[in-house]
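Read-outs throughout are calculated quantities, based only on the coordinates presented, and are distinct from any laboratory measurement. Treat the numbers as computed from the prediction; the structure is a model and nothing was measured. Note that each Cβ is placed from the backbone with ideal geometry, even for glycine, and that neighbours are counted across all protein chains shown.
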């Protein structure tokens, strides 16, 4: 007979195995966070270029991430997720080296900018390979029945690293100049590569490799739900500061912190609900909570109510990616799940990419409430889509 203590020990060992892998996600996203915090002022102030160019430098990474998702997924399936993660860490290290070059070339702005753009392309490819590789590597170490837990912990590592990386980047530049961003990035990736080398690989599943467009088609309904549900997160991250300013409120930064704390807290405390209740049910409940939070934000009469709305959004959005992701990857055979995860992740890349211009167009008159209403409507649409998929899934089981 297994005691409660035995169960807790097994759970602790399981979590430790996952953390030993997703720590590489944390280190890679730490590099990403450090760059995000200091690149725009470097481009604007040191290179003397405008906000449009600064935005181009930032968005270059997202384009590279989107375009390399397929490579990351297929590499995980064929060469193994450890190989995919290793390639990603090397690409992030190359980005650090190129950032050192960009810093040293600041007296020649165009040369510095060109080097920086290549660095951002390398970082984008590194992001997709590390994220997909580490999730599949973690699943391979603990078993597919713990897919939701691995995805949840990988998300905690991602957002935790971004939260730490932004202020760390500012401190590093203040201490040693922009070159410290590149030096620190290389050092972190060398540490990650050393640790990754010591971790055991997992078995590569044999089987038919579906064409990427077939994999994409199978996960597309779930990816669409993810995309619709991600718009709320995108508008909060992009426009909450402007929203507060338009209302004459203070406290936009604490509101973002409240969103982040709720997001991470739910993943830590309630991540188990996906395995217990199923991905469809958790996604449906999460999307409804997110929609409520967005409506609270849209109708807020003061900053405290807006913070409550953002907190509800953090609670709701937290489990959307892992809950729909679990059912998405089940639509393909084990030998194609790396590709499925990569294809599924493309939808959040696209959603966050279009949220900025879409939200800006809706709020072009300086009124941000309608933007949150539209995001709430999209979350409700995602909930309706999830319910439809759930009903169809139940019909197949009964059939």
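Taking the chain as a Gaussian network, where each spring joins two C-alpha atoms under 10 Å apart, which residue of 228, 97, 56 fluctuates the most? Ranking 228, 97, 56 by mean-square fluctuation puts 56 first. Modelled label positions at residue 79 and residue 269, each set 7 Å beyond Cα in the direction of Cβ, lie 4.2 nm from each other.
With 0.36 nm allotted per residue and the present C-alpha distance subtracted, the residue 334-residue 350 stretch has 3.2 nm of extension available. If the chain linking residue 59 and residue 205 were pulled fully straight, counting 0.36 nm for each residue of separation and taking away their Cα-Cα distance, it would gain 49.1 nm. With each label modelled as a point 7 angstrom along the Cα→C-beta vector, the residue 253-residue 213 pair spans 4.9 nm. Label 7 Å along Cα→Cβ of residue 36; region 232-267 residues with amide nitrogen under 12 Å? Correct set: 234, 237-238, 260. A full extension of the chain between residue 14 and residue 388 corresponds to an added length of 131.3 nm, given 0.36 nm per residue minus the alpha carbon distance. Note on residue 237 and residue 276: their simple-model spin labels are 2.9 nm apart, each label 7 Å out from Cα toward Cβ.
Among 177, 101, 232, the largest mean-square fluctuation in a Gaussian network model of the chain (Cα springs under 10 Å) belongs to 177. The alpha carbon centroids of region 281-347 and region 172-202 are separated by 31 Å. Which one is right for this structure if Cα extents along the principal axes in Å is calculated from it: (1) 67, 53, 45; (2) 52, 51, 42; (3) 66, 45, 40? For Cα extents along the principal axes in Å, the calculated option is (1).
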